[in-house]
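Notes to accompany the following structure.
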Amino acid sequence: MRMFYAYAVPALWLAWCIYWWGAGRDVKPVTRRESAASRAGHILPLVIAVMLLALPSLPYGLLSNRLLSPTHRVFFVGIALVVAGLLFTIWARLYLGRNWSGVVTLKEGHQLVEHGPYRWVRHPIYTGLLMMYLATAITLGHGAGFSGLLLAFASFWIKLNIEEKLMLKQFPDRYPTYQRRVKRIMPFVL
């Protein structure tokens with residue numbers, strides 16, 4: 001059982017990475033891409049967030065303190081949230097289809113997707129990833145994981161603001177209406 005606890009969450013993240021890599025191979029050609037400086041502004045906090053989550057045994061001082069007890073209930077709540085977040089990101093990726101990119105871009109024939117999970121939030125991939133980060137922080141139980149969650153949120157917030165500016169330029173008539181109707185990453189809230 002100890003091995004299951006140690007490897008279940010990393011195995012789910014690995015499965016997600018493999019799916020994401022494979023799904024990202026069939027996308028539309030790019031017509032416009034964000035600058036390297038723009039990308040660095042949201043990638044750096046995300047890299048630090050990943051390090052805080054993936055390397056929990058490093059001595060982080062106060063961040064090494066355990067905030068949640070390592071109980072079976074805490075672990076299985078975390079696993080359930082990882083799976084929910086993983087499935088939500090895949091659902092969003094399927095609806096986004098060939099418009100997807102890990103970099104802020106415009107694609108040839110770019111479409112504004114407003115159905116599926118995009119009916120509930122404008123950035124459902126970030127919603128699902130934040131669920132996965134939260135779940136990982138819960139299963140680890142230490143301050144570094146929760147700090148990583150905050151950094152991941154900041155990274156996604158920076159990136160989605162860049163994406164939204166691009167969408168407003170690309171869809172000046174439709175995107176403002178979509179913004180008024182649908183929240184960014186938390187249905188009905190944020």
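Consider only pairs whose beta carbons are under 7 Å apart and that are at least six residues apart or on different chains; among these, list those whose first residue lies in segment 104-115 and is more than 10 Å from Gln170 (Cβ to Cβ) and open to solvent by less than 20 Å² (accessible area, probe 1.4 Å) and whose second residue is among the aromatic types (Phe, Trp, Tyr) and not in a strand (DSSP E or B).
Every condition considered, the pairs that remain are Val113/Tyr95.
Would you mind finding the one in Ser64, Ser101 that is under 17 Å from the mean Cα position of the chain (by Cα) and of a type in the set (S, T, N, Q)?
The match here is Ser101.
Could you give me the residue pairs with C-beta distances under 9 Å whose first residue belongs to segment 1-21 and is touching a residue at least 60 places away in the same chain (Cβ under 8 Å), whose second residue is open to solvent by 50 Å² or more (accessible area, probe 1.4 Å) and aliphatic (A, V, I, L, M) wherever it lies, and which are 6+ apart or on separate chains?
Leu12/Val83; Trp13/Ala54
In segment 101-138, how many residues are of a type in the set (Val, Ile, Thr), closer than 19 Å to Val27 by Cβ and assigned to a helix (DSSP H, G or I)?
1
Among residues belonging to segment 130-141 that are farther than 20 Å from Ser69 by Cβ and open to solvent by 20 Å² or more (accessible area, probe 1.4 Å), point out the one that is nearest to the chain's Cα centre (by Cα).
Leu130
Quick check on my filter: what residues within segment 88-124 are in contact with a Ser or Thr (Cβ under 6 Å, 6 or more places away or on another chain), among the hydrophobic types (A, V, I, L, M, F, W, C) and modelled with pLDDT under 90?
Leu106
Could you check, for segment 26-34, whether at least one of its residues is of a type in the set (Lys, Arg) and modelled with pLDDT of 90 or more?
No, segment 26-34 has no match at all.
Can you find a residue in segment 10-19 that is modelled with pLDDT of 90 or more, under 23 Å from Ser155 (Cα atoms), touching a Phe, Trp or Tyr at 6+ places or on another chain (Cβ under 8 Å) and of a type outside the set (Asp, Glu)?
No.
Go through the residues of segment 142-149 one by one and say whether even a single one is in contact (Cβ under 8 Å) with a residue 24 or more places away in the chain and either closer than 28 Å to Lys28 by Cα or part of a loop (DSSP other than H, G, I, E, B) (or both).
no
Suppose we filter segment 167-186 for residues that are free of Cβ contacts under 8 Å to residues at least 40 places away in the same chain and part of a loop (DSSP other than H, G, I, E, B); how many remain?
Step one: filter segment 167-186 for residues free of Cβ contacts under 8 Å to residues at least 40 places away in the same chain, giving 168-169, 172-173, 176-177, 180-181.
Add one more test, that the residue is part of a loop (DSSP other than H, G, I, E, B), and what stays is 172-173.
Number of matching residues: 2.
The values are calculated or read from the model by the stated rules, or taken from the named source; none is laboratory data. What you see is a predicted model, and the numbers here were worked out from it, not measured in a lab. Using ideal geometry, Cβ is built from the backbone for each residue, glycine included, and neighbour counts are taken over all protein chains shown. The accessibility values were calculated without ligands, DNA or RNA, using every heavy atom of the protein model including side chains. Shrake-Rupley method; radii C 1.70, N 1.55, O 1.52, S 1.80 Å.
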